[in-house]
1. Take the residue pairs LYS286/LYS420; LYS127/LYS181; LYS99/LYS144; LYS144/LYS374; LYS278/LYS374; LYS258/LYS420 and return only those whose Cα atoms are more than 22 Å apart.
2. Could you calculate the contour length gain from GLN444 to VAL205, that is, 0.36 nm times the residue separation minus the distance between their Cα atoms, to one decimal place in nm?
3. For ARG165 and ARG93, compute 0.36 nm times the residue count separating them, minus their Cα-Cα distance, and round to one decimal in nm.
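FYI, it's all coordinate maths here, none of it is from the lab. Just so you know, these numbers come straight off a predicted model, no measurement behind them.
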Amino acid sequence: MDRALLAGLVGLLVLGLSGCAQKAIEERVWVELEPVQCQGNPWEPVGKEFSGEADALKAYYQARGVEIYDYQYVERTLNTCTACACPRGDKYRLLVDAKNRDAVFFWPKKATEKAGVFFEASVKPEKVDAGSEVLVQLRNNSMKPVYFGGCNDYAVESLVEGQWRELPKFVKQCGWEGLPKKAEGQNFLEWTENRVDIPGRHRLVFQLGLDCLEQRPLSEANCRIRIPLRSNEFTVNPLQEIPESQLRACSTSAECVKAVEGCCDCANGGRNTAINRKFLSPWLKKREAGCLTVMCPTVLSTDPSCSETHSPQCVEGTCQLTAKAVDVVAAARTRFKRLASGPFSRAGTEVEVHRGKESFQGLWENTYAQLAPKPDLPAVDFNASMVVGLYMQRITGSPYLVKVERVEETDTALIIWYSKRYATPVEIRNIVEFAPYELIEVPQSAKNVEMQVLSSASGEDANALERRGVRQSG
């Protein structure tokens, strides 16, 4: 081979190798650490196992997957602060991979023989029944405050088919982000929760902010460091099976209520059924737990059980959905006032009548349980008026809203006429789950309250009375 050609190839190879080496070097960065006083540095508990602090520091980060290729030590300077969270006055400069830039940090921690665990989150007990209270504790072992939450203090992850998934069910709908909670150094916060009511294996996830500005939402607090913190795993026990003989048993139609059968509702290709009202809550929880991974078609169902003409009735001791003819009764229009409405509320799937302030206040709290801050309770003169609340079933994928159109009074009943329609893109915004509701004020009356639908979500006339289970509250 020609010597000149050989020399050229060798030169290209050397340039290529040097280029790769240069690229590798360029992918490394220098980061700076300022150790604190009072033996509050996380590598110090294992320092006695090494000949010098630098070796202990490198071993600490290496155990966490961060390779330190080189370091520089900057001698101490005059330090006038004597608090344990203050710097000692010296510094370390560490050469690490650029991808590990944000992983090289530490937080002042009180001297201890244990390994450096800055923050801990726990849920106790680790096994509970659905709806039972658990004690949540967030402990800050460091010497400085940390911040978390606001409207939503945490997210809930559930183990589904071997993978951890965040459940949107437990995310509150917030008017604004809210101010975070503050856990002081060497302190802890604890509170009780009963929101995690779906059977299964769960854990809580907190987003912590470190070195944040005070009195600002976390997204605006310019936190120097943001890290996730997960609690221990805990189990919500499976719901007790309800025998079919009890689930649908009844003595009057007032005991029966319409409920979604299976995972998909009528707005998503499913169907309805009728069950005894007292089992509605466990029925809904069991459905949620068993349908976390089920995808429903986004089409309106044509099943007869979804028809507005079908209502829950007690037939020979069993709750059934049956079509019932409606007698045409002379009625007079009566006044009503809208108090509140919206696309989503977990207050219920029924019509509620409240004739007193105390019961209405409880309904209002339930309606806005997931909203912070809550709207002010409307003023209602219960000597002359009462409140009727219409709450529709929860659906996903086919957003619709409800609206009371008129109220009529007969000799025996107040008839609330309402309509259903699809929500517009502006009304949908970022909402993925709908359970629309409307609250109205009507004249005080001891008569039965009945609901009659004017149109379905698809815009078709129903022309039939939908006699929902009505809960009367004084």
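1. With Cα atoms farther than 22 Å apart: LYS286/LYS420; LYS127/LYS181; LYS99/LYS144; LYS144/LYS374; LYS278/LYS374.
2. Gain on stretching GLN444 to VAL205: 81.3 nm.
3. Gain in length upon complete extension: 22.1 nm.
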